[in-house]
Structure formats: structure tokens, C-alpha cells
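Visitor: Sending over a structure as C-alpha cells; questions will come in a sec.
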Amino acid sequence: PLLQSIHIVMIGIVFVSMLVVALRVLGQMGTDEPLSAVWRRFAPWFWTALGVMAGTGLVLSISEPIRQVSALSFWIKMSLLAVGISSALYFGRRVAAAASAAPQGGDVGGGARLAAVASILVWLTIIFMGRSIAYDVEVWGSWHLG
């Protein structure tokens, strides 16, 4: 229970960190400060929570390997996790490039706006898939891998 609670809190920190950055990219939040400042403030929270989440997730998966491996929701979550981490790396690179081009912390382009929306959807889906693992048979029916 404690490990699961820590894992859930880390998921929340990861999601909120990326949500704030994505909303800033979309111009919906924190527009009074440069994107680079927002990224510098939330990236350490994101990466630290992601590391803790990976550790606790590994322990949770080892504790019930059959349930995890046979759940389609688990494999979708893991695939989307790779996408979510890639989008975080993308934002980090774009923010660094924009900051070096405009020291005041210039904004990123239109591709980043699309990536921001996709990132929000990816992280929401990761959360949903993680919670769906326990109900994989009910969610996926005949597509369940078990």
C-alpha cells in the first residue's frame, strides 16, 4: 500500500509538471514569464518523480508479474510512457534552443503546440491505462493477453 501510494503521488507530480509546461507552450498559463523559466522550474520535479515512479513501478511489476505481463493496458501504458518521455525530451531541447536564440526565453514554434496537446493526452492515457491494469479483462475483453 505504501509503495502504491508513493507511485500514485509520483504519477501526479509527473503529470502536473508536464501539464504546466504544456499549458505554458499553449499560452494558457504563466505567459508573464519565459517558457525557459517554467521549464527550469518544473523539469527537475518531472525527472525526479519519473525516476522514483520507475523504481516503484518496477517493484510493483515484480510483485505481480503475471498480472502485469498479461495485461494489454500495461503494454499500452509502457509504449505511451516511451512517447511521454520523448515528448519531455523534445520540450527540453526546444526550450533550450529557444532560450539560446532569444536569451529572454523565446517561445517555441507551432510544432511544439501540437506536441503540448499530444503530451497532455498521452499522460492522461498513461494514467488511465495504469489504473486499467487491474480491470484489464473487463476493459479489453477478448483482447486481454492472458
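The values are calculated or read from the model by the stated rules, or taken from the named source; none is laboratory data. This structure is a prediction, so every number in the text was calculated from the model and none was measured. Every residue, glycine among them, receives a Cβ derived from its backbone with ideal geometry; neighbour counts consider all protein chains shown. Accessible surface areas use protein heavy atoms only, side chains included; no ligands, DNA or RNA. Shrake-Rupley method; radii C 1.70, N 1.55, O 1.52, S 1.80 Å.
Visitor: Using the Karplus curve 6.51 cos²θ - 1.76 cosθ + 1.60 with θ = phi - 60°, work out ³J(HN,Hα) for each residue of region 39-51 in order, rounded to whole Hz, and write x for Gly and Pro.
Guide: Each residue of region 39-51 in turn: 4, 4, 6, 9, 4, x, 5, 4, 5, 5, 5, 4, x Hz.
Visitor: Can I ask one more? Grab the DSSP H runs of the chain that are 4 residues or longer, score each as -39,500 (n - 2.57), total them, divide by all residues and round the 222 nm result to the nearest 500 deg cm²/dmol. Show your work: numbers first, answer last.
Guide: Numbers: 6 runs with 116 residues, N = 146.
Result for the chain, helices only: -27000 deg cm²/dmol.
Visitor: Can you sort Ile62, Ile6 by 1.4 Å-probe accessible area, starting with the largest?
Guide: Final ranking, largest accessible area leading: Ile62, Ile6.
Visitor: With label points built 7 Å along Cα→Cβ from the Cα atoms of Glu138 and Ile85, find their separation and express it in nm.
Guide: In this crude label model, Glu138 to Ile85 measures out at 3.1 nm.
Visitor: Follow-up. Order the following by accessible area, largest value first: Glu33, Glu64. Probe radius 1.4 Å; ligands, DNA and RNA are ignored.
Guide: On the way: Glu33 50, Glu64 80 Å².
Result of the area sort, largest leading: Glu64, Glu33.
Visitor: To continue, here is another question. Residue by residue, what Karplus-based ³J(HN,Hα) values in Hz, rounded to whole numbers, does region 5-10 have, using 6.51, -1.76 and 1.60 with θ = phi - 60° and x for Gly and Pro?
Guide: Result, ordered by residue: 5, 4, 4, 5, 4, 5 Hz.
Visitor: I'd like the accessible area for His144, computed on protein heavy atoms only with a 1.4 Å probe and all protein chains in place. Round to 10 Å², please.
Guide: Accessible area, nearest 10 Å²: 40 Å².
Visitor: Just how much of Ile85 is accessible, in Å², when a 1.4 Å probe is used and the result is rounded to the nearest 10?
Guide: Probe radius 1.4 Å; accessible area of Ile85 about 50 Å².
Visitor: For the pair Ala118 and Ser70, how long in nm is the line joining their label points, each one 7 Å along Cα→Cβ?
Guide: Between Ala118 and Ser70, the simple spin-label model gives 3.5 nm.
Visitor: Given a 1.4 angstrom probe, what's the average accessible area per residue across region 1-75, in square angstrom?
Guide: 53 Å²
Visitor: List the relative contact order of the chain as a percent without decimals, with contacts defined as Cα pairs under 8 Å and 6+ residues apart.
Guide: Relative CO of the chain lands at 34 percent.
Visitor: Would you list Trp45, Trp140, Trp39 from the most to the least accessible area, probe 1.4 Å?
Guide: Trp45, Trp140, Trp39
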